[in-house]
Protein chains: 2
Amino acid sequence: MELIAGILNISAVGKRIAIIDEQTANLLGVHSSDRIRLTCCGREVIAIADVATGYPPDRIWLYLEIAQALGATDGKAVQVQRAPMPESLSSVRAKLRGERLREQEILNIVKDVVEQHLSDIEIAAFLTALKVYGLSMSENEALSRAMVKTGKTLNFGKPPILDKHSIGGIPGDKTSLIVVPIVAAAGFTIPKTSSRAITSPAGTADRVETLCPVNLDIGEIREVVRKTNGCLVWGGALELAPADDLFIQVEYPLGIDPMLLPSILSKKKAMGATHVVIDIPTGTGAKIKTPTEAYTLASDFVHLGRHLDMKIQCALTFGDQPLGCGIGPALEAREALSTLMGNGPKDVHEKAVSLAGMLFELVGEKDGSRKAEEILQSGKAESKLREIIAAQGGNATVKPEDISVGPEKAQVRAEEKGRVLWISTDGIVQVARAAGTPKEKGAGLILHAKTGEAVAKGAVLFEVYAERSGKLSDALELAKKIQPVVLSRKVEERMLLDQFPSKKTSRDSHFMLER
Amino acid sequence: MELIAGILNISAVGKRIAIIDEQTANLLGVHSSDRIRLTCCGREVIAIADVATGYPPDRIWLYLEIAQALGATDGKAVQVQRAPMPESLSSVRAKLRGERLREQEILNIVKDVVEQHLSDIEIAAFLTALKVYGLSMSENEALSRAMVKTGKTLNFGKPPILDKHSIGGIPGDKTSLIVVPIVAAAGFTIPKTSSRAITSPAGTADRVETLCPVNLDIGEIREVVRKTNGCLVWGGALELAPADDLFIQVEYPLGIDPMLLPSILSKKKAMGATHVVIDIPTGTGAKIKTPTEAYTLASDFVHLGRHLDMKIQCALTFGDQPLGCGIGPALEAREALSTLMGNGPKDVHEKAVSLAGMLFELVGEKDGSRKAEEILQSGKAESKLREIIAAQGGNATVKPEDISVGPEKAQVRAEEKGRVLWISTDGIVQVARAAGTPKEKGAGLILHAKTGEAVAKGAVLFEVYAERSGKLSDALELAKKIQPVVLSRKVEERMLLDQFPSKKTSRDSHFMLER
């Protein structure tokens, strides 16, 4: 059937969608979500049909993506016919029935996700089925390989290429900012890409951005790594495993994360990593609640890594409270820099040294922690971070206090004398978010008391920082309501930890998808 | 934040979507799929954010639905802020974790589906989780009630109100066209609504439309039923259980049908039905393959009916081949009319009498089949159909040969002598579809040999009808390739029925969502 193109001058956010009127759809035998083949100007593309009512029946409306792919302009004649559904959709349907998918089927799905041939409905159903049925190791492997294959890859020359990753979920975890310079200072290559926060107070990219640009292209990254052995850049625009970003878009509203393993390891593989330490924070406040779950996940990481020719060690780390004291991009960058300068909190120092040590041992060194400690103590790691900052275009001589934090601040004090019984990571995240993180980089919290510490009545529990006074009062009000730092004279005096359904926090609030 | 409205003069096909630029989204702390609260002109609406790149950061683009709901025009100032996610999304997420949902949670989900507060991604995930985990009886009940509550309902006065429904899947099943007039002729009220075909050769609404209009409004339906005790109308525009239609839109590309029970019974309940016969065709060519599955489904229907105050009887019917000979809207309407006039195929006659008889017995009659048979034989059912046709605005004196069928036709003949071993319902559907059904109402097939019949070499197996010669040759070519009527001299000579993966048909081709 010949229809006249109407160009919608808006993007369908990547999707290849064309709108036709119901009458026209009936004549074509096409229903919403069916595929249609469009031919125009010697080009042919497959689009997803969106059937609407009240449109002129002789026209087909093309979103920008499809108009560009087709080279169609307003008023052009477009040949339209029903097209068969993509083969990958058969595989998605097989997964909905609980079938195990073969490597080629998974590759087809991932390709069609990247090329926008599958709709959000179909991707959502696929991810939900993965979440419910779980993934076999060969499906995890096939997904990882397919995601690498459909994106760009980097090659930094001769192995080993080291990397470090945390599955996330712990506010204040600025370990990467310390591990990368320690490892690079030892002469190893560690090209670290990281993400920005979506719902957490800060991602590594957000932290680093308060020190230097992070949005580097592949050529610039290569140059930084050549000069310094390492980098600390944002991975989001590099098109490494782009399927992963498209999956995350759909996972986000659903609060599910079925592709954790292939998502993380495909990005590492695309960067050419050969030796990787994965941090799995474990505890009631973390994504992973129990050691049993943590060991299962760790074993899956190691196993999958082996299939992908990567040596992996997992670190089970203490995840029951925020790491260090600073929370929020700028406050965390300050704390990381202080730690490299020898003045950081003990837990930050200890965690960074442990993880860097594990990486050293993974490439054959003896007593990795000691080596990491020595590099840190010697000041070489600090110098290395400054080299990286300079190479990425930042100020190499920056002092912690130069990093700009929110001008609006207030202290939250203990209403009674006591000991910190526990700190709700979820509560801290909510308060930090109310204060403006992750988008307002100077916003956040500084904890003045950590779990187990004794505090006097009226002592400062934490300080809240914000860039705007409205946000500061929002954050303080929320802090008053949810009381993220829980005090007690003795454990026995506070047996009731929380109630469910809770008046304090919503059921879903702790889900963090960013990695 | 204040943004300037840009009105997109296109519909988002019902959804309440607004597009903002990535920069603006970052400032708002909003991610794609997050909810935003828009205030303009004294009105407030919640929209789903679609985050795009390359848009002017001071603007918000509104699809028609949201612009209308807000009363916004181009250039108006709109206040935009992040809104919490809808409560129903928490319940969707709970279902993804496998939790059983309470009645109120299900009502919230269904309401938000009808009011377009849930995105396609979220609805797709919900339906997939229902498909994988299954539904408890109380979830089925809550879904049915919620779908009735969020739509229109009809009340035809004093009970009993009878109804008949097939779960579908058998090409050529024109039983409703015969059952409704038999039951109405006996003085019972039977207001039958039905659907149009999406992928099958014909729905009841498509068949009836070759006799009279089916797109009646509620007032007109009431009048037809008052005059004749029955009706045969399209239910699609009546807003009975509108959530169901929205769920079906999402189920369609996925080929899943987890809400079969509430979908069917909510529509019956909305029409005020008190006594319902459900036809469950059973056999290798049907949706339900084995008696075990059929009895399980039947038991669920009866059980759920009891919870919804409906008396239900299920008919397990032979579903191994098409019903009757005519397939396609016009050819089936011809055959139904002939059957009422005493000249139809035995199986059509027999099935209609059995189902009408079950309905009679359900309301307390003895020997229902005999009563149905008498009404059919007496010509009263034929007169009743003619009354209904007239009341709906058709020609009451129509003869079967007056119903217009496709002018293009050709015969497919037996290449060898033999006996019909089986007829692939899936193959018949594919050929009928290639010929132009369901949209081209004169298209279809007439079977000249049914399972078990002996045919001579060169005898006609079936005729193909089409409205256009191109479709006729497409259908003939496909028929030659897939050979839907399988001949064999003896069963023992044809042990290989099919091979898998098949060269003939795709793995998903037999999925039919219409009910």
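Can you tell me which of A:213, A:159 is more than 19 Å from residue A:272 (Cβ to Cβ) and part of a loop (DSSP other than H, G, I, E, B)?
Checking each option against the conditions leaves just A:213.
Going through region B:244-285 one residue at a time, which ones are within 14 Å of another protein chain (Cβ to nearest Cβ), open to solvent by 10 Å² or more (accessible area, probe 1.4 Å) and assigned to a helix (DSSP H, G or I)?
Once the filter is applied, which keeps residues that are within 14 Å of another protein chain (Cβ to nearest Cβ), open to solvent by 10 Å² or more (accessible area, probe 1.4 Å) and assigned to a helix (DSSP H, G or I), region B:244-285 yields B:245, B:246, B:248, B:249, B:252.
From the set of residues in region B:399-426 that are outside any loop (DSSP other than H, G, I, E, B), over 10 Å from residue B:464 (Cα atoms) and not hydrophobic (A, V, I, L, M, F, W, C), which is nearest to the other protein chains (Cβ to nearest Cβ)?
Ranking the candidates gives B:426 first.
Would you confirm, using the coordinates I've provided, whether residue A:233 is away from every other protein chain (no Cβ under 11 Å), at pLDDT 95 or above and over 25 Å from residue A:303 (Cα atoms)?
Against the criterion (away from every other protein chain (no Cβ under 11 Å), at pLDDT 95 or above and over 25 Å from residue A:303 (Cα atoms)), residue A:233 qualifies.
Among the residues of region A:208-243, what is the count of those that are open to solvent by 50 Å² or more (accessible area, probe 1.4 Å) and within 20 Å of the chain's Cα centre (by Cα)?
7
Being in contact with a strand residue (DSSP E or B) (Cβ under 8 Å, 6 or more places away or on another chain) and outside any helix (DSSP H, G or I) is the filter here; which residues of region A:357-375 pass it?
Of everything in region A:357-375, just one residue is in contact with a strand residue (DSSP E or B) (Cβ under 8 Å, 6 or more places away or on another chain) and outside any helix (DSSP H, G or I), namely A:363.
Kindly indicate which of A:224, A:276 is in contact with a helix residue (DSSP H, G or I) (Cβ under 6 Å, 6 or more places away or on another chain), closer than 15 Å to residue A:194 by Cα and at pLDDT 95 or above.
Result: A:276 is the single residue among A:224, A:276 that is in contact with a helix residue (DSSP H, G or I) (Cβ under 6 Å, 6 or more places away or on another chain), closer than 15 Å to residue A:194 by Cα and at pLDDT 95 or above.
Kindly indicate the residue of region A:84-115 that is among the charged types (D, E, K, R) and touching a helix residue (DSSP H, G or I) at 6+ places or on another chain (Cβ under 6 Å) and also nearest to residue B:250 (Cα to Cα) among those meeting that condition.
A:95
Right, residue A:197: closer than 22 Å to residue A:262 by Cα and in a helix (DSSP H, G or I) or not?
no
Could you figure out which of (1) in contact with a helix residue (DSSP H, G or I) (Cβ under 7 Å, 6 or more places away or on another chain); (2) within 14 Å of another protein chain (Cβ to nearest Cβ) isn't true of residue B:61?
All conditions pass for residue B:61, except number (1).
I'd like the residue in region B:33-44 that is more than 10 Å from every other protein chain (Cβ to nearest Cβ) and under 21 Å from residue B:87 (Cα atoms) and, out of all such residues, is most open to solvent (accessible area, probe 1.4 Å).
That would be B:44.
Would you be able to say whether some residue in region B:72-83 is open to solvent by 10 Å² or more (accessible area, probe 1.4 Å), in a loop (DSSP other than H, G, I, E, B) and under 26 Å from residue A:252 (Cα atoms)?
Within region B:72-83 (the criterion being open to solvent by 10 Å² or more (accessible area, probe 1.4 Å), in a loop (DSSP other than H, G, I, E, B) and under 26 Å from residue A:252 (Cα atoms)), the answer is no, since none of the residues qualifies.
Looking at B:197, B:146, can you tell me which residue is among the hydrophobic types (A, V, I, L, M, F, W, C), closer than 23 Å to residue B:248 by Cβ and at pLDDT below 95?
B:197
Which of the residues belonging to region A:116-139 are more than 7 Å from every other protein chain (Cβ to nearest Cβ), open to solvent by less than 10 Å² (accessible area, probe 1.4 Å) and either basic (Lys, Arg) or part of a helix (DSSP H, G or I) (or both)?
A:123, A:126, A:127, A:130, A:139
Filter region B:95-112 down to residues that are surrounded by fewer than 18 Cβ atoms within 10 Å (Cβ to Cβ), without any contact (Cβ under 8 Å) to a residue 40 or more places away in the chain and assigned to a helix (DSSP H, G or I) and give me whichever is farthest from the other protein chains (Cβ to nearest Cβ).
B:111
Being surrounded by fewer than 23 Cβ atoms within 10 Å (Cβ to Cβ), within 25 Å of residue B:130 (Cα to Cα) and modelled with pLDDT under 95 is true for just one of A:57, A:86. Which residue is that?
Criteria check complete, one pass: A:86.
Of the residues A:151, A:172, A:168, which single one is at positive phi, away from every other protein chain (no Cβ under 14 Å) and open to solvent by 10 Å² or more (accessible area, probe 1.4 Å)?
A:168
Quick check: anything in region A:225-243 more than 27 Å from residue A:114 (Cβ to Cβ), in a helix (DSSP H, G or I) and of a type in the set (D, E, K, R)?
yes
Is it true that some residue in region B:79-91 is more than 8 Å from every other protein chain (Cβ to nearest Cβ) and either hydroxyl-bearing (Ser, Thr, Tyr) or within 19 Å of residue B:11 (Cα to Cα) (or both)?
So far as region B:79-91 goes, yes, one or more of its residues are more than 8 Å from every other protein chain (Cβ to nearest Cβ) and either hydroxyl-bearing (Ser, Thr, Tyr) or within 19 Å of residue B:11 (Cα to Cα) (or both).
Please specify each residue of region A:18-32 satisfying the condition of being within 27 Å of residue B:22 (Cβ to Cβ) and at the interface with chain B (Cβ under 10 Å from one of its Cβ atoms).
Result: A:19, single match.
Residue B:184 fails exactly one of the following numbered conditions: (1) assigned to a loop (DSSP other than H, G, I, E, B); (2) open to solvent by less than 20 Å² (accessible area, probe 1.4 Å). What is the number of that condition?
(1)
Could you figure out which of (1) modelled with pLDDT of 90 or more; (2) under 30 Å from the mean Cα position of the chain (by Cα); (3) assigned to a helix (DSSP H, G or I); (4) more than 9 Å from chain A (Cβ to nearest Cβ) isn't true of residue B:67?
Checking residue B:67 against (1) modelled with pLDDT of 90 or more; (2) under 30 Å from the mean Cα position of the chain (by Cα); (3) assigned to a helix (DSSP H, G or I); (4) more than 9 Å from chain A (Cβ to nearest Cβ), the one that fails is (2).
Here are A:417, A:399, A:409: which of them is open to solvent by 20 Å² or more (accessible area, probe 1.4 Å), farther than 15 Å from residue A:198 by Cα and touching a Lys or Arg at 6+ places or on another chain (Cβ under 6 Å)?
A:417
Here is a yes/no grid of residues against (1) part of a helix (DSSP H, G or I); (2) among the acidic types (Asp, Glu); (3) surrounded by fewer than 22 Cβ atoms within 10 Å (Cβ to Cβ):
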residue	(1), (2), (3)
A:339	yes, no, no
A:344	no, no, no
A:347	yes, yes, yes
A:350	yes, yes, yes
A:354	yes, no, yes
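Here are the criteria: (1) away from every other protein chain (no Cβ under 14 Å); (2) open to solvent by less than 50 Å² (accessible area, probe 1.4 Å); (3) out of contact with any Ser or Thr (no Cβ under 8 Å at 6 or more places or on another chain); (4) modelled with pLDDT under 85. Tell me which single one residue B:499 does not satisfy.
With respect to (1) away from every other protein chain (no Cβ under 14 Å); (2) open to solvent by less than 50 Å² (accessible area, probe 1.4 Å); (3) out of contact with any Ser or Thr (no Cβ under 8 Å at 6 or more places or on another chain); (4) modelled with pLDDT under 85, residue B:499 is out only on (2).
Only one of (1) more than 11 Å from every other protein chain (Cβ to nearest Cβ); (2) open to solvent by 50 Å² or more (accessible area, probe 1.4 Å) fails for residue B:47. Which number is that?
The one condition residue B:47 does not meet is (2).
Conditions tested, residue by residue: (1) surrounded by 22 or more Cβ atoms within 10 Å (Cβ to Cβ); (2) at pLDDT below 90; (3) assigned to a strand (DSSP E or B).
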{"position": "B:428", "(1), (2), (3)": "yes, no, no"}
{"position": "B:437", "(1), (2), (3)": "yes, no, no"}
{"position": "B:464", "(1), (2), (3)": "yes, no, yes"}
{"position": "B:474", "(1), (2), (3)": "no, no, no"}
{"position": "B:478", "(1), (2), (3)": "no, no, no"}
{"position": "B:486", "(1), (2), (3)": "no, yes, yes"}
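The values are calculated or read from the model by the stated rules, or taken from the named source; none is laboratory data. For clarity, every value in this text was computed on a predicted model and none was experimentally measured. A quick note on method: Cβ atoms are made from the backbone with ideal geometry, for glycine too, and the neighbour counts reach across all protein chains shown. These accessible areas exclude ligands, DNA and RNA; they are computed on the full protein's heavy atoms, side chains included. Shrake-Rupley method; radii C 1.70, N 1.55, O 1.52, S 1.80 Å.
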